[in-house]
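Notes follow once the structure below has been shown.
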Amino acid sequence: MTQITQISNSQLILEDVQFVFARNFSGRPEGKYNRAGDRYFNVAVNPDDVELLQQYGVNVKLYEPKASTPEQELKMQENPDMYTPTYFFKVRVYTQFSMPSVAIIYDDGALGTDDLVESHERTYLTNEDQLGMLDDMEIAACDMTIARRDPSPDGQYARLNLKNAYVHVVDNPLRRKYGF
């Protein structure tokens, strides 16, 4: 579960980030609620941290799965641990004035938490178009810093923008073989 390692009026530092729902780093339009170009993702939150986040103006929401068909109701009864309520908040990936710093680290499982990451094991995303790669990657672990801005005069919640992220993706043996 996502761990808050530091929180202040200007930023949040999160480790072992757990994403919920589909990530939208590419800015694709989705239904009637997401305009083309809006990039974001949702972070699952430990229920014990909800009150702390709300004190800093974070809009924490609760997702409670509901069955829409009798078959789904049966699945929910058979696997109740897969359908537990989840607290989450939304983070924007704002690229209008500057790019968040994102490093992709290819992890074959041998890297320790304090090991030096070699240059061939990492990639830095340098433009907006590359951010879309994160939508489809199998993420093993992610640590990030989120910039927190006070609410706008007509808003009631703090605005959260991705500042930087270190994303460990599950490595593909073919990528290692061919050097991509």
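The values are calculated or read from the model by the stated rules, or taken from the named source; none is laboratory data. This structure is a prediction, so every number in the text was calculated from the model and none was measured. Cβ: placed from backbone, ideal geometry, glycine included. Neighbour counts: every protein chain shown.
Is it the case that the stretch 32-48 has a residue that's in contact with a Phe, Trp or Tyr (Cβ under 9 Å, 6 or more places away or on another chain), at pLDDT 90 or above and in a helix (DSSP H, G or I)?
yes
For every residue, the table says whether it meets (1) under 17 Å from residue 159 (Cβ atoms); (2) small (Gly, Ala, Ser); (3) under 11 Å from the mean Cα position of the chain (by Cα).
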| site | (1), (2), (3) |
| --- | --- |
| 3 | no, no, no |
| 11 | yes, no, no |
| 14 | yes, no, yes |
| 18 | no, no, yes |
| 32 | no, no, no |
| 40 | yes, no, yes |
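If you scan the stretch 1-15, which residues turn out to be touching a residue at least 40 places away in the same chain (Cβ under 8 Å) and of a type in the set (Ser, Thr, Tyr)?
2, 8, 10
From the residues in the stretch 135-179 that are farther than 23 Å from residue 60 by Cβ, of a type outside the set (A, V, I, L, M) and part of a strand (DSSP E or B), which one is modelled with the highest pLDDT?
166
Which condition number in (1) in contact with a Pro (Cβ under 9 Å, 6 or more places away or on another chain); (2) buried (at least 16 other Cβ atoms within 10 Å of the Cβ); (3) not aromatic (Phe, Trp, Tyr) is the one that residue 47 fails?
(2)
Could you grab me the full set of residues in the stretch 24-39 that are crowded, with 19+ Cβ neighbours inside 10 Å and within 18 Å of residue 59 (Cα to Cα)?
Within the stretch 24-39, 39 is the sole residue that qualifies.
Out of all the residues in the stretch 54-101, which are part of a loop (DSSP other than H, G, I, E, B), more than 30 Å from residue 152 (Cβ to Cβ) and aliphatic (A, V, I, L, M)?
The answer is 67, and nothing else.
Pull out all pairs, ordered by first then second residue, where Cβ-Cβ is under 8 Å, the residues are six or more apart or on different chains, the first lies in the stretch 70-94 and is farther than 21 Å from residue 1 by Cβ, and the second is among the aromatic types (Phe, Trp, Tyr) and modelled with pLDDT of 85 or more.
Close Cβ pairs satisfying both conditions: 92/40; 93/25; 93/40; 93/41.
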